[in-house]
Amino acid sequence: MESIQHLISNWIPIKLIEKENEVYFEWLYFSDIPFADPFFEETIAKCRSHNYNSKLFKLISTTENLIEWSNELEFVPLKGFVFHISRCGSTMLSQCLATSSENIMVSEAPIVDQILRSDAFDAGTKTILLQSLIRLFGQKRSTEQKNLIIKLDAWSIFEASYLRSVFPKIPFALLYRNPGEVLRSHQKMAGMHMIPNLIPSSVFGITSKEVQEVSFQQYQALVLEKYFQGFLHFYEKDSNVILLNYNDGMKNVVERFIAFINVKFSEIELNGMLERLKKHSKNENTVFIGDSYKDDILSINLNEVNLLHEKLNANFIEDLAR
């Protein structure tokens with residue numbers, strides 16, 4: 001065990017490779033670099049300059065290797081998953097949580113999505129593989145680390161029921177925002193999931209015919225409708241879930257999430273998280289001055305997505321009243 005631990009300590013799988021009907025995983029050496037960046041891929045970019053990662057040869061393993069090795073390392077417990085609809089404060093939430101040395105905050109790691117959407121595994125293997133991957137993300141790389149928190153891609157809401165079967169006791173948080181504000185942000189700079197066919201429309205439950213029948217901007221509203229539907233569907237059937245509303249204020253979002261996952265932080269740690277709210281979510285060197293978007297400049301039909309938003313808000317208000 002000691003030799004295995006020595007060999008893979010600080011190594012983390014970052015990519016699924018499917019080749020000639022075989023499945024492999026590419027690993028990267030993370031040294032002591034924390035997951036402190038807004039997105040997992042930014043941390044990967046930092047790690048690539050390390051000497052171990054600059055060699056001609058890469059560390060590649062089988063699925064069986066990954067599962068076996070995950071059991072050889074000390075890891076911190078997973079405390080919660082964050083689902084979101086994009087442009088709704090999820091990056092700010094993850095950045096606040098990442099300020100604490102007690103947290104391992106993994107934000108939108110592509111390998112999670114690759115495994116979720118892969119057809120290369122049977123159901124049992126995929127379940128064990130995801131559990132193993134989470135243990136490897138949570139490997140204890142410093143004495144202060146106590147909690148692992150995972151922020152998923154926006155479209156992962158469609159895998160929420162499956163993920164619940166894999167992680168039956170883990171708190172799931174659903175973070176959302178006024179749809180007009182979300183869509184206005186995507187009009188300024190569209191995320192990859194808001195561009196037709198960049199991610200298969202079937203992932204969102206959208207047919208090819210629907211894609212052809214709507215404008216580019218109306219497609220974005222349709223994707224958002226599917227997100228809200230996914231949120232409502234999961235919220236109404238799961239008991240270990242909370243709604244978080246950006247429009248309730250990010251301070252409340254952070255505090256409600258921490259209370260929900262039942263983790264106790266010192267006053268210093270909490271103050272550090274809330275202090276991060278003053279900076280831009282994607283650039284801590286820039287002061288956040290706020291943003292505001294008006295629905296009337298969108299020039300698209302928001303009737304359905306607004307109705308879904310109202311239903312989510314009704315549930316959110318009921319949550320607050322409990």
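A few points about this structure:
- When restricted to residues that are of a type outside the set (S, T, N, Q) and assigned to a helix (DSSP H, G or I), region 82-121 contains 12.
- Whether a residue is surrounded by fewer than 21 Cβ atoms within 10 Å (Cβ to Cβ), within 21 Å of Ile17 (Cβ to Cβ), hydrophobic (A, V, I, L, M, F, W, C) and touching a His at 6+ places or on another chain (Cβ under 6 Å) was assessed, and Ile128 does not pass this test.
- Residues being in contact with a Lys or Arg (Cβ under 6 Å, 6 or more places away or on another chain) and either of a type in the set (A, V, I, L, M) or under 25 Å from Phe25 (Cα atoms) (or both) - total across region 71-107: 5
- Residue in region 242-254 that is buried (at least 20 other Cβ atoms within 10 Å of the Cβ), among the aliphatic types (A, V, I, L, M) and farther than 30 Å from Ile104 by Cβ present: no
- Test: Thr125 is over 30 Å from Val305 (Cβ atoms), in contact (Cβ under 8 Å) with a residue 12 or more places away in the chain and polar (S, T, N, Q): yes
- Residue satisfying condition, being of a type in the set (Lys, Arg) and either closer than 23 Å to Asn252 by Cα or without any contact (Cβ under 8 Å) to a residue 40 or more places away in the chain (or both), within set Arg48, Arg141: Arg48
- Looking only at region 211-222, and only at residues there that are assigned to a helix (DSSP H, G or I) and over 27 Å from the mean Cα position of the chain (by Cα), the one that is surrounded by the most Cβ atoms within 10 Å (Cβ to Cβ): Glu213
Computed from the coordinates by the stated procedures, all read-outs in this text should not be read as laboratory data. Note that the structure is a prediction, hence the values are computed from the model and not measured. Note that we place each Cβ from the backbone using ideal geometry, even for glycine, and neighbour counts take in every protein chain shown.
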